[in-house]
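Working notes, structure below.
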Amino acid sequence: MKAMILKEFRQLRRDRRTVAMLVAIPIVLLTVFGYAASFDIERIPTAVLGPAVGTTNPLVDTQPDVFEIVHVDPAGTADDAHDLLRDGKAIIAVVTGTPTTVYVDGTEIFAAQSALRQAGSLPDGVRVEVLFNPELSTANIMVPGLIGFVLLAVGTIITSLGVVKERAEGTIEQLAVLPLKPRDVILGKIAPYFLVGVLDLVLITVVGLLLFDVPFRGSILMFAVGGLLFLFVALGFGVLISTVSQSQGEAIQLAIMVMVPQILLSGMIFPLTSMPLGVRWISYCLPLTYFVQIMRGVFLKAAPFASLTIPYLILTLMAVAVFALAVLRFRRDLAPTGRRGAAEEVAA
Amino acid sequence: MTWGVEHLTVRFGHTTAVEDVSLAAEPHRVSAVVGGDGAGKTTLLRVLAGIPIRHEGSVTAPERRRIGYVPAAGGVFDDLTVAENLSFTGGAYRVPDIAAAAAPLLERTGLAPFTGRLAGDLSGGMRRKLAVVGAMLHSPDLLILDEPTTGVDPVSRSDLWRLIGAAATGGAAVVVSSAYLDESERASSVTVLHRGRSLVAGTPDEVRASLPGSVVVVDEPADRSRAWRQGRRWREWVPDGSPDGVAPTLEDVLIAAGLAEEEASR
């Protein structure tokens, strides 16, 4: 047994990635996720509108530290409040007047619950209205995010396994010498996964809508564009992982390292507003964060494109960057030495 | 047209895998590259096949669609059937009638009854034969085979060499690497590699004649550092020659040349 233990330790020592996974990553994960994994709402971006913005505010005054006023508009109306919540500029909008109405963004479920608890102690005559997700259904906010998670899993893990398999079995060398353009190899390799991803996107959306009764209020086109952009990012991650992995085991390790932060930090489970700024910036670097914003906007808020321009733009940039990097790295494995015809080649 | 490499040097970090090696591959000829493990055979063949590896020296090869290459490992897609493997390779090489091109090769290699079988379910020898058939499907001008017979049973080895011979007869320049020196006797020319360097090159007769000194067969060698067992007896390299010297085999030349190289470098 001693020999066996010694052998395992020797092999483990040489497998630096696994050692990193076992030692360094847990510390990083614990620290980051310890801060991120919080349902406690310490700050709720709040808008105050209407003629009485300067007077005592029945909700904000209850906990001025929590209800952070981010927008004040004496001329604002109920429609403006609706737009502010839809565009994600505030989670609570208080429209002063007669009667005073507190609008709450139901897609920010924890912030909404916190606000509703405060609303219980509001004076008579103050009306509270939850928008977009009036029943505060968890399924309504989770399903749009879970679509992203499934796409990430299919796109990243399955693609990386499919590509790294060629390397592990030595067939990538075969592909490199075949008279195929690197572009053809890459597109041919990715196309089936892309189609499977599209099928998954449609399938899980339909199942989500039917099984969990999640409303779909927005544009199908915006949904499709968001889904396809995110699929490109996921496929790009998959190819990228495969170019730095020698085996399917390594690819799975890396895919998990790419996926776990996205699940925990994207706002899919834990609200971004609960995360300290030191962790929240990581969320803003993750594509799932923007996908979740787009999908919740499309499914629940019927958000127009104008209110989701930034997430679409960032997701597009990420898709282009990740996919281009992936293709370039994969191409490096396949690129011929530049022969043309029966030319003689002299390399430096 | 003669293909090949001239003064090829390949370095991986501080390790020199191939140093100043030249190799000519002519149509209708089989050129063998022989050497032990780590001699640089695979690197040499990979550069010739056009796999992107940083190197010095010149490489002359036909365009990619006129090259057939079987790597040392793999060469077939395990989760495709024999027919699907050939369909993919033939499609990539734009072979007009893949079935017609494959039929005689499948017959010759005994693979014809197994076209519906997954490549991963074939024996090692049959998989290597399938890889060679795939590389020959488009009648390449340059056929590069990296140790096609390693780990293959004698019958399949014989089949493979018949296939290699047929490719050369058909006009291809064939470059084949092997660790089995007896096989190299079948080649038109032999290049002996040792630790990345070309020790000797020429026809098998020329290579045998290039032996420095003699090889003797003895029961007890005078110098064990220059001797190796063959059956119950020893073969010993005598650098200064011996009247008892026997006709050397290619294996003798390879070992003796390696010993001479090592002694010279001390």
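Values computed for the structure shown
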item: Interface size A-B, as summed buried accessible area [1.4 Å probe, Å², nearest 100]; result: 2600 Å²
item: Helix A:220-243 axis, angle to chain A major axis (alpha carbon atoms, nearest 10°); result: 40 degrees
item: Euclidean distance between Cα centres, the range A:3-42 to the range B:201-266, Å; result: 56 Å
item: Estimated translational D of chain B in µm²/s (Stokes, Kirkwood radius over Cα pairs; 25 °C; 0.890 mPa s); result: 126 µm²/s
item: Separation in nanometres of the label points that stand 7 Å from Cα toward Cβ, at A:Asp15 and B:Ala179; result: 2.6 nm
item: Distribution of pairwise C-alpha distances over chain A, 20 Å bins, in %; result: 26, 46, 22, 6, 0
item: Positive-end extreme of charge dipole, the protein assembly as shown - chosen from A:Leu235, A:Pro45, A:Ala224 (charges on Cβ); result: A:Leu235
item: Ellipticity estimate at 222 nm from DSSP helix runs (n ≥ 4, -39,500 (n - 2.57)) divided over chain A, nearest 500; result: -19500 deg cm²/dmol
item: Cβ-derived FRET efficiency at R0 45 Å, B:Glu6 paired with A:Ile220, nearest 0.05; result: 0.10
item: Contour minus Cα-Cα distance for A:Arg331 and A:Leu228 (0.36 nm per residue); result: 34.8 nm
item: Exposure ranking of A:Ile220, A:Ile314 by accessible area [1.4 Å probe, largest first]; result: A:Ile220, A:Ile314
item: Inverse of mean 1/r across different Cα pairs in the range B:106-230, Kirkwood, Å; result: 16.8 Å
item: Gain upon complete extension [A:Phe305, A:Leu122; 0.36 nm per residue less C-alpha separation]; result: 62.3 nm
item: Chain B, relative contact order [Cα under 8 Å, separation at least 6], %; result: 23 percent
item: Viscosity 1.306 mPa s, temperature 10 °C, Stokes-Einstein D of the range A:115-221 from Kirkwood C-alpha radius, µm²/s; result: 89 µm²/s
item: Estimated FRET transfer efficiency when R0 is 25 angstrom, pair B:Glu84-B:Ser139 (beta carbons, to 0.05); result: 0.75
item: Angle between chain A longest axis and helix A:309-334 axis [Cα atoms, degrees, rounded to 10]; result: 10 degrees
item: Spherically averaged projected area in nm², based on the convex hull that wraps the Cα atoms of the range A:138-334; result: 11.1 nm²
item: Per residue value of the accessible surface for the protein assembly as shown (all protein chains in place, 1.4 Å probe), Å²; result: 46 Å²
item: Tail weight of P(r) past 45 Å, computed on alpha-carbon pairs of the protein assembly as shown, percent; result: 41 percent
item: Label-point gap, in nm, between B:Ala222 and A:Thr316 - each point 7 angstrom along Cα→Cβ; result: 8.5 nm
item: Over 13 Å [Cα-Cα, the range B:204-265], rounded percent; result: 57 percent
item: Distant alpha-carbon pairs in the range A:44-131 (separation over 21 angstrom), percent; result: 15 percent
item: Within the accessible area of the range B:1-121 (1.4 Å probe), percent carbon and sulfur; result: 49 percent
item: Solvent-accessible area, 1.4 Å probe, carbon plus sulfur percent, for the range A:138-334; result: 76 percent
item: Carbon plus sulfur fraction of accessible area for the range B:204-265, probe 1.4 Å, in percent; result: 47 percent
item: Label-point separation, B:Glu262 to A:Val70 (7 Å along Cα→Cβ), nm; result: 7.4 nm
item: In degrees, nearest ten, helix A:109-119 long axis to first principal axis of chain A (Cα); result: 10 degrees
item: Cα convex hull of the range A:230-311 - mean projected area over all directions, nm²; result: 6.3 nm²
item: Within-14-Å neighbourhood charge of B:Val95 [Cβ basis; K, R +1; D, E -1]; result: +2
item: Mean-position separation - Cα centroids, the range A:290-314 and the range B:9-38, in angstrom; result: 59 Å
item: Within-10-Å neighbourhood charge of B:Leu118 [Cβ basis; K, R +1; D, E -1]; result: -3
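The values are calculated or read from the model by the stated rules, or taken from the named source; none is laboratory data. Please read these numbers as outputs of a predicted model, since none were measured by experiment. Because the Cβ atoms are built from the backbone with ideal geometry, glycine has one as well, and the counts that use them run over all protein chains shown. Side chains are part of the model used for accessible areas, which takes the heavy atoms of the whole protein and leaves out ligands, DNA and RNA. Shrake-Rupley method; radii C 1.70, N 1.55, O 1.52, S 1.80 Å.
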